[in-house]
Amino acid sequence: MKQLPLQLGSGPAQSFENFAVGANAAAISAVRAASASPAPLYLWGPAGAGKTHLLRALAREAAVQGRRVGSFGPSLETPWTWGEGVDLVLLDGCEDFDASRQHAAFALFVEAATHGVPVVAAGRLPPVDLPVREDLRTRLGWGPVFQLLPLAEAEMRVTLQREAGRRGIALSDDVAGYLLTRFARDLGSLMALLDALDEFALSEQRAVTVPLLKRMLAEQTTKEGA
């Protein structure tokens, strides 16, 4: 079975423990309990709300338990084949499924129903607004649907500083404030920026400060324009 990787990037593996909960406690509880329910579960929200993080956290937890997970998304070429022993199916980026992937996703739903396997899916739009075929839209919206809400500014600041600490970075209020006022509040992008900042600070053997961050960004802009 073709599968997506559980973890991307050089930062800490995405898990339930390092997910910034905010106002999404009910959604997280539902995701963690999804394996025990025959009804599909669907998560939706803007980029950076944590949809992919939760899917990877669920996949990671299932793998630790010795279960086999099938993970599928718009970057994975079709055909998507059902594998023996799969007991959890994850679908990410549903709004970007083309006709071929919509057909493949619907076929996975049929197989999952036949084998009593739960499906957890995610997209930027609620099921009713997804640009997909009607039979797939119906199945995506058949079970519980949760909207993931972005973190408030104070929660985002705490999360940034906590994740910086995991990377060995002492992130001052000044640096955190600079990041939050000048960049989109997309945790995925901000975590990638933290990783880049960590590498740059190590290469320069300097503490992380606003001037160092500005210099890193200026050098990146220069390289991109070269």
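The values are calculated or read from the model by the stated rules, or taken from the named source; none is laboratory data. Predicted model only: the values in this text are computed from it and were never measured. Here the Cβ positions follow ideal geometry from the backbone for every residue, glycine too, while neighbour counts run over all protein chains shown. Ligands, DNA and RNA are stripped out before the accessible areas are found, and what is left, the full protein with its side chains, is counted by its heavy atoms. Shrake-Rupley method; radii C 1.70, N 1.55, O 1.52, S 1.80 Å.
Overview of results
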item: Leading residue at positive end of dipole, segment 134-183 (Cβ point charges), from Leu148, Val158, Gly168; result: Gly168
item: Paramagnetic reach from Ser15 (point 7 Å along Cα→Cβ, amide N under 20 Å) across segment 21-38; result: 21-22, 25, 28-35
item: Rel. contact order, % - alpha carbon contacts under 8 angstrom, at least six apart, the chain; result: 25 percent
item: Dipole magnitude (debye, nearest 20) for the chain, charges at Cβ of Lys, Arg, Asp, Glu; result: 220 debye
item: Gain upon complete extension [Glu219, Arg133; 0.36 nm per residue less C-alpha separation]; result: 26.4 nm
item: Cα gyration tensor shape for segment 1-152, rounded if a/c is under 1.5, else prolate or oblate; result: rounded
item: Within-15-Å neighbourhood charge of Asn18 [Cβ basis; K, R +1; D, E -1]; result: +1
item: Accessible carbon and sulfur surface of segment 1-123 relative to its total accessible area, %, 1.4 Å; result: 55 percent
item: Paramagnetic reach from Ala23 in segment 140-155 [backbone N under 16 Å; point 7 Å along Cα→Cβ]; result: 146-155
item: Stretch gain in nm, segment Ala39-Asp173, where the contour uses 0.36 nm per residue and the Cα spacing is subtracted; result: 43.9 nm
